[in-house]
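The values are calculated or read from the model by the stated rules, or taken from the named source; none is laboratory data. Here the structure is a predicted model, which is why all the values come from computation and not from measurement. All Cβ positions, even for glycine, are placed from backbone atoms using ideal geometry, and neighbour counts span all protein chains on display.
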Amino acid sequence: MTKRQVAKNIATLSTAHFQRQELKFFVDNHIIEALIPEFNAYIERDHYSAKGSYPIYSVYFDTEDWQAFYSKLAGNKRRQKFRIRSYYKNPKPDEPVFVEIKEKDGGTVYKRRSPVNLSEVEELIKGRPISVNTPVIDEWRFAVLRNSLKPKLLNSYNRLAFASKHFPGLRVTIDQDLAYSVPSGLDFAIPTRKAYWANGKSVVEIKFDRYVPKFIVEIIRRYNLTQVPVSKYCDSVISHYLLF
């Protein structure tokens with residue numbers, strides 16, 4: 001891994017249309033056991049969490065000199081992460097995965113995604129045109145061709161998610177069993193190792209459009225949760241390349 005600071009950013013010129021604010025907390029697992037009933041009392045589990053947590057597999061792409069990684073470390077006001085997400089460990093070629101761009105501009109987070117069959121995503125990451133035509137796909141292909149993006153890290157974890165029609169825009173997620181691996185290509189099924197930086201802890205994210213409901217603020221205060229700048233991608237890169 002290139003251990004040098006880079007000044008430029010892989011952020012493209014496009015601006016996202018869907019935005020939100022995020023609060024992140026790094027929480028001991030024994031506290032998570034108490035938080036889940038608290039959230040259950042006010043908001044509902046989303047459709048995918050009705051029977052419990054569900055797996056997420058995200059392959060992050062970066063440049064040869066790790067511009068996205070160093071952009072985060074440098075605290076650049078505007079930065080982007082390019083990733084491909086699957087909810088299955090072994091998606092079939094004709095099954096969709098999600099091509100995503102996550103952008104942060106100051107304190108505001110923008111996220112855009114397009115579902116694309118795995119077989120076509122394999123073409124997209126080579127910079128080739130595909131049948132799906134969306135702004136996200138165009139921006140992804142532009143970034144691949146301009147910056148030679150390559151798969152750098154696979155993050156996996158189990159997510160429990162909450163939402164509610166009574167609090168539009170609010171979403172609470174609890175990510176547990178965080179693990180990572182270094183892929184040689186777009187592979188969601190390679191063996192992973194438990195994330196050293198997340199040993200005994202989970203990541204709780206409060207995502208909202210305009211305001212945080214009072215009950216959320218009270219839960220944060222009651223359990224003395226401290227906001228931290230968690231990055232599953234960057235923390236796993238540091239753990240793999242710089243700590244071992």
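Hey, does the stretch 150-161 have a residue that's surrounded by fewer than 19 Cβ atoms within 10 Å (Cβ to Cβ) and modelled with pLDDT under 95? No; the residues of the stretch 150-161 include none that is surrounded by fewer than 19 Cβ atoms within 10 Å (Cβ to Cβ) and modelled with pLDDT under 95. Would a scan of the stretch 222-237 turn up a residue that is of a type in the set (D, E, K, R) and in a loop (DSSP other than H, G, I, E, B)? For the stretch 222-237, residues of a type in the set (D, E, K, R) and in a loop (DSSP other than H, G, I, E, B): absent. Here's a check for you: in the stretch 207-225, which residue that is over 11 Å from Phe167 (Cβ atoms) and among the β-branched types (Val, Ile, Thr) is surrounded by the most Cβ atoms within 10 Å (Cβ to Cβ)? Restricting to residues being over 11 Å from Phe167 (Cβ atoms) and among the β-branched types (Val, Ile, Thr), the top hit is Ile219. Annotation note: Cβ proximity below 6 Å between a residue of the stretch 33-48 that is touching a residue at least 12 places away in the same chain (Cβ under 8 Å) and farther than 14 Å from Val204 by Cα and a residue that is part of a helix (DSSP H, G or I) and not hydroxyl-bearing (Ser, Thr, Tyr) (sequence gap 6+ or interchain) occurs for Tyr42/Phe215. Among the residues making up the stretch 114-158, those that are among the aliphatic types (A, V, I, L, M) and outside any strand (DSSP E or B) are Leu118, Val121, Leu124, Ile125, Ile130, Val132, Val136, Ile137, Ala143, Val144, Leu145, Leu149. When every residue of the stretch 70-90 is checked against the conditions, at least one turns out to be over 21 Å from Asp177 (Cβ atoms), among the aliphatic types (A, V, I, L, M) and more than 16 Å from the chain's Cα centre (by Cα).
Restricting the stretch 91-107 to residues that are over 20 Å from Glu139 (Cβ atoms) and in contact (Cβ under 8 Å) with a residue 40 or more places away in the chain, which is nearest to the chain's Cα centre (by Cα)? Here the residue is Gly107. Within the stretch 159-182, the set of residues being farther than 27 Å from Ile238 by Cα and in a loop (DSSP other than H, G, I, E, B) comprises Ser164, Lys165, His166, Phe167, Pro168, Gly169, Leu170. The set of residues in the stretch 109-138 being among the β-branched types (Val, Ile, Thr) and touching a helix residue (DSSP H, G or I) at 6+ places or on another chain (Cβ under 8 Å) consists of Val116, Ile125, Ile130, Val132, Ile137.
Checking each residue of the stretch 187-205 against the condition of being buried (at least 20 other Cβ atoms within 10 Å of the Cβ), under 20 Å from Phe98 (Cα atoms) and in contact (Cβ under 8 Å) with a residue 12 or more places away in the chain gives at least one match.
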